[in-house]
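The values are calculated or read from the model by the stated rules, or taken from the named source; none is laboratory data. This is a predicted model, so every value here is computed, not measured. FYI the Cβ positions are ideal-geometry reconstructions off the backbone, even for glycines, and counts take in every protein chain you see.
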Amino acid sequence: MENIKNYKAKQFNLSKLNGISDQTLEMHFKLYEGYVNETNRLTEKINEILKDGQVDHEEMPAYSELTRRLGFEYNGMVLHEYYFANMTANGAGDPDKASSFFKAAESSFGQYGIWKADFVSIGKMRGVGWAICYEDPSNGRLSNHWITLHEVGNVAGFNPILVMDVWEHAYLLDYKPADRPKYIEAFFSNIDWIAVEERLRPGLEARHTTSAK
Ligand SMILES: [Fe+2]
């Protein structure tokens with residue numbers, strides 16, 4: 001196995017979105033790079049402590065703090081990668097009715113409209129965080145979740161399918177803080193449903209069609 005020491009920031013070919021300015025995106029890419037750098041830096045510091053094969057009493061407070069922060073930085077890095085990758089300048093507000101995502105939303109929520117109302121409403125929740133639609137890898141069921149900061153509320157082992165950043169930095173250059181719903185509307189118009197579709201695990205699709213009735 002290749003020895004992967006450091007993460008590298010991914011490049012996202014993203015501009016000319018609808019209602020989310022290039023200025024916002026550029027600022028946001030820089031913030032994302034900060035999470036990549038911090039993930040690497042914290043990992044290095046933890047490795048430094050572990051070098052002698054133990055965490056001694058004096059090291060424990062620093063080791064604990066570094067390890068707690070690692071969850072924040074790691075999720076900050078990964079969630080931004082999902083977020084940028086599920087947008088495109090050629091986006092569309094809603095998925096195709098014949099798509100696996102649409103079928104999964106219908107079988108999980110009864111109607112696609114209910115899935116959307118849930119996801120959008122989670123995005124409007126007060127606080128700093130994310131709205132994320134996950135797929136349960138055991139049965140293909142979709143569920144929407146509020147994630148506080150980057151790390152509180154992620155469901156272990158679940159597959160992120162659609163990820164929306166609702167931290168204020170995601171829209172503050174384009175909208176007033178109270179206008180988060182306008183940003184959410186803009187986000188929806190830029191969704192890359194093909195990228196979303198590709199995240200669904202193959203083989204679970206049959207379960208939606210048989211469990212939809
Ligand atoms: Fe962000």
Task: Odd one out for H169 among (1) part of a strand (DSSP E or B); (2) touching a His at 6+ places or on another chain (Cβ under 8 Å); (3) within 16 Å of the ligand (Cβ to nearest atom) - done: (1)
Task: Residue ID - surrounded by the fewest Cβ atoms within 10 Å (Cβ to Cβ), chosen from residues in the range 36-53 that are of a type in the set (S, T, N, Q) and either more than 19 Å from the chain's Cα centre (by Cα) or not in a helix (DSSP H, G or I) (or both) - done: N47
Open item on the list: Filter the range 54-73 down to the residues that are of a type in the set (V, I, T) and either over 27 Å from the mean Cα position of the chain (by Cα) or within 16 Å of the ligand (Cβ to nearest atom) (or both) and list them by number.
Closed with: V55
Task: Single match in G76, G140, G127 (criterion: within 16 Å of the ligand (Cβ to nearest atom) and at positive phi) - done: G127
Open item on the list: Being within 16 Å of the ligand (Cβ to nearest atom) and in a helix (DSSP H, G or I) is the requirement here; does Y83 meet it?
Closed with: yes
Task: Residues within the range 6-35 that are part of a loop (DSSP other than H, G, I, E, B) and either closer than 15 Å to N75 by Cα or in contact (Cβ under 8 Å) with a residue 24 or more places away in the chain (or both), tallied - done: 14
TODO: Return the residue satisfying two criteria in turn: it lies in the range 150-166 and is in a loop (DSSP other than H, G, I, E, B) and away from the ligand (no atom under 11 Å from the Cβ), and of such residues it is surrounded by the fewest Cβ atoms within 10 Å (Cβ to Cβ).
DONE: A156
Task: Number of the condition not met by T39 [criteria: (1) in contact with a strand residue (DSSP E or B) (Cβ under 6 Å, 6 or more places away or on another chain); (2) within 16 Å of the ligand (Cβ to nearest atom); (3) without any contact (Cβ under 8 Å) to a residue 40 or more places away in the chain] - done: (1)
Task: the range 88-117 residues that are closer than 18 Å to E135 by Cα and modelled with pLDDT under 95, paired with ones that are aromatic (F, W, Y) and crowded, with 16+ Cβ neighbours inside 10 Å (beta carbon under 6 Å, 6 or more apart) - done: none
